[in-house]
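Colleague: Pasting a structure below so you can have a look.
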Amino acid sequence: MRRNKEPVLKKILLLGVICLLAKSSAFAQKANTDLDSVIIHENRLQAAYGRQNRNIQVLDAKQIAVLPVKSVNELLTYVAGVDMRQRGPWGSQSDVSIDGSSFDEVLVLVNGIKVSDPQTGHNMMNLPIPVSSIDHIEILRGPAARTYGVNALAGAINIVTKNPQKSEVSAQIYAGSSFQKDTSNGDTYYGWGAQAAATLAGKDQSHTFSFAHDQGNGYRYNTAFDAYRLFYQNHFRLSDKSSIEAMGGYVSNSYGANGFYSAPADKESKETVQTAIAGIGYTLQLNKRIKIMPRLSYRYAKDDYIFIRQNPDYYHNIHETNVVTGEIQSTIQIGKGIMGAGVELRNEGINSNNLGKHDRNNLGIYAEYKYHFNDKLNASAGLYGNYNSDYDWQIFPGADVGYYILPKWKLFAAATTGQRLPTYTDLYYKGPTNIGNDQLKPELASYAEGGVQYKPGLISGQLSYFYRHVSDFIDWVKATENDPWQPQNFQSINTQGVTLSLQYELSRHLHLSDKAQLQLQASYTYLDPSVKASDELISKYAVEALRHQLIFGVHGLFFHKLEINFKGRYLQRISANDYTLLDTRICYQLKQFNIYADVNNLLNTQYKEIGSIPMPGRWFSLGVKFSGLFDK
């Protein structure tokens, strides 16, 4: 049932945009000829985007630079099939799902290193990566155990940072406001931020250091935020056959958590989440056919939650997690094929005044083989064997195939499996309205997809269909409204979906000069989940998927100086209201400076993404970027 009825003007505007984009484009803002050169950074078998046989989307640095966003969380709101449900402004806290999954079923990685939180998926997107440091983001839809191991039950998001080729420095500062006032003190809501980065690139080594700070008093009562992000990365070429790469990052994110978890009782809540990640990897090319890549990584997180900020002793949770991972990946060329194999050992520990002190070990063994029959046909198959100290052994196979039926038309299909382990919150949480369940089993998923891709011309795009079956789905449930929530493995969910994405090079069609470039983009995702569960229990998370998700946009570049990016989203969630959001960024390049203006939620739409939390209305921002080389 519709809870909010949008004005007729918004409906007419949306219809007009859909008609305009009837021949238009996909999410990507570049032609696929450029995307084909992007290397997808899987842990073993890396391949160009155009040689992949899965539903993978890429968001690159050029696209990112002109989107009206301040955080990685906001970037992902424009990706087909990804549902970013935000609780606060500028990425304070967000739950991420793919194709109707829960927020614990998606794996997040930075440069192939897993950074997911074993405490709770609510903190998964607390990342130390400033937007300006990202080279591209890879979004893999569907279970990915064969590629990434456990917890990639619905898909994986891999954030790949820039590998500098030249020495340069960059900086930007931005500020914005809704021009609405906080009725509790009369202050106008605002936010500001600054980012700076420096890269030093030499013949055999490179270094990147970046810093970001965002701060503001929010957009409604008790939603102020204060975040710091630090990130460092290096690369050393030791010889023609070996190299070392290392990275490290830290983020401290503090925010008012009004209504985040138990509205309206948590009106005065406050939360601070700190995350540190580090990783070092070594690459050795033994000969022309064999490569070995050992890697060691570490993740630390501290979640400090205060229920009443004026009285911290009333209810105060502190959770600390430590995750140590060691892995060895390898590849070997065998004729027209390539085989990848690896082993991963991970320890996850938690020390919490609420969840207790626990740890578990996970051993994963990978093997896969990709064979190129010819320029038209390639296929791959593999499996991942996983042993967990709490859940014993399980095997997850997968296979995919791609075939060019014509030079520009490619058919692809895949069948995969996946798993997600219960989080420590699922298992051990104790509270007045939520109680954990230490008897939970892992969720399991099987998945099949197929589709067709059309490579570039004036129009390029993709049409795909998928079916996903999840058994032992973990959902928080209760028998009556007065009971506490408790997680159970009591459901199975079957989800099928269709995604259509198109890109239309309008400037080429109109034969405009090189001083005017104009692209239209659109993607549409339809999801149809079916839940098999007892009608006697009330479910918290089972049916939260977006039934309809339409993302559309217009991108223009004029005289190589003026850039305009217009983005729109129409979203209809199952058992909830639908709404339309429009955002825009206008940039002007002036030598080494880029001046830009953003308007988010142009229509001032009143909407909610999680529970009863209202999201920000219309928000205006101004910013300035600077970039320059150390040497010419």
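Readers should treat all values here as calculations from the given coordinates under stated rules, not as data from a laboratory. Everything quoted here is computed from the prediction, not taken from an experiment. Reconstructed Cβ throughout: ideal geometry from the backbone, glycine too, with neighbour counts over all protein chains shown.
Colleague: Less than 9 Å Cβ to Cβ from V323, Lys/Arg counted +1 and Asp/Glu -1: what total charge do the surrounding residues give?
Modeller: Its environment carries a net charge of +1.
Colleague: Indicate the gyration tensor shape class of the chain (rounded, prolate or oblate), computed on the Cα atoms with a ≥ b ≥ c the square roots of the eigenvalues: a/c under 1.5 is rounded; otherwise a/b larger than b/c is prolate and the rest oblate.
Modeller: Rounded shape, in that the Cα axes give a/c under 1.5.
Colleague: Also: Considering amide H positions built from the backbone, and no H for Pro or chain starts, which residues 5 or more places from T161, or on another chain, come under 5 Å of its amide H?
Modeller: Under 5 Å from the amide H of T161 lie the amide H atoms of N111, D135, each far enough along the sequence or on another chain.
Colleague: Give the separation of the Cα centroids, region 501-554 to region 177-244, in Å.
Modeller: Between the Cα centre of region 501-554 and that of region 177-244, the gap is 29 Å.
Colleague: Give the distance, in whole Å, between the Cα centre of region 133-164 and the Cα centre of region 576-632.
Modeller: For region 133-164 versus region 576-632, the Cα centre distance is 25 Å.
Colleague: So what J values fall out for region 418-432 if you push phi through Karplus, 6.51 cos²θ - 1.76 cosθ + 1.60 with θ = phi - 60°, rounded to Hz, Gly and Pro as x?
Modeller: Whole-Hz 3J(HN,Hα) from phi for region 418-432: x, 8, 9, 7, x, 7, 5, 5, 4, 7, 10, 5, 10, x, x.
Colleague: With contacts defined as alpha carbon pairs under 8 Å and 6 or more residues apart, what's the relative contact order of region 486-632 in percent?
Modeller: Here the relative contact order equals 15 percent.
Colleague: I need to check one value: relative contact order of region 391-436, counting alpha carbon pairs closer than 8 Å and at least 6 residues apart, in percent.
Modeller: Worked out over region 391-436, it gives 27 percent.
Colleague: Could I ask something else about it? So what's the net charge close to Y467: Lys and Arg +1, Asp and Glu -1, counting the other residues with Cβ under 13 Å from its Cβ?
Modeller: Local net charge: -1.
Colleague: What list of ³J(HN,Hα) couplings, whole Hz, do you get for region 150-165 from phi and the Karplus terms 6.51, -1.76, 1.60, once you set θ to phi - 60° and write x for glycine and proline?
Modeller: After applying 6.51 cos²θ - 1.76 cosθ + 1.60, I find 6, 6, 9, 6, 10, x, 9, 10, 10, 9, 9, 8, 6, 10, x, 10 Hz.
Colleague: Can you give me the long-range amide H partners of Q119? Hydrogens built in the peptide plane at 1.01 Å from N, cutoff under 5 Å, separation of 5 or more residues or another chain.
Modeller: Long-range HN contacts for Q119: Y424.
Colleague: Please report the net charge: other residues with Cβ closer than 10 Å to the Cβ of N361, K and R +1, D and E -1.
Modeller: So the environment of N361 carries a net charge of -1.
Colleague: Quick one: what are the phi-derived ³J(HN,Hα) couplings along region 104-111, Karplus 6.51/-1.76/1.60 with θ = phi - 60°, whole Hz, x for glycine and proline?
Modeller: 9, 9, 10, 9, 10, 10, 10, 6
Colleague: Residues with amide H under 5 Å of Y541's amide H, sequence separation 5 or more or different chain, H placed in the peptide plane at 1.01 Å from N; which?
Modeller: Correct list: W476.
Colleague: What whole number of Å gives the distance from the Cα centroid of region 397-414 to the Cα centroid of region 365-394?
Modeller: Going from one Cα centre to the other spans 17 Å.
Colleague: Let me check against my output: what whole-number percent is the relative contact order of region 8-629, with C-alpha pairs under 8 Å and at least 6 apart?
Modeller: Relative contact order for region 8-629 comes out at 13 percent.
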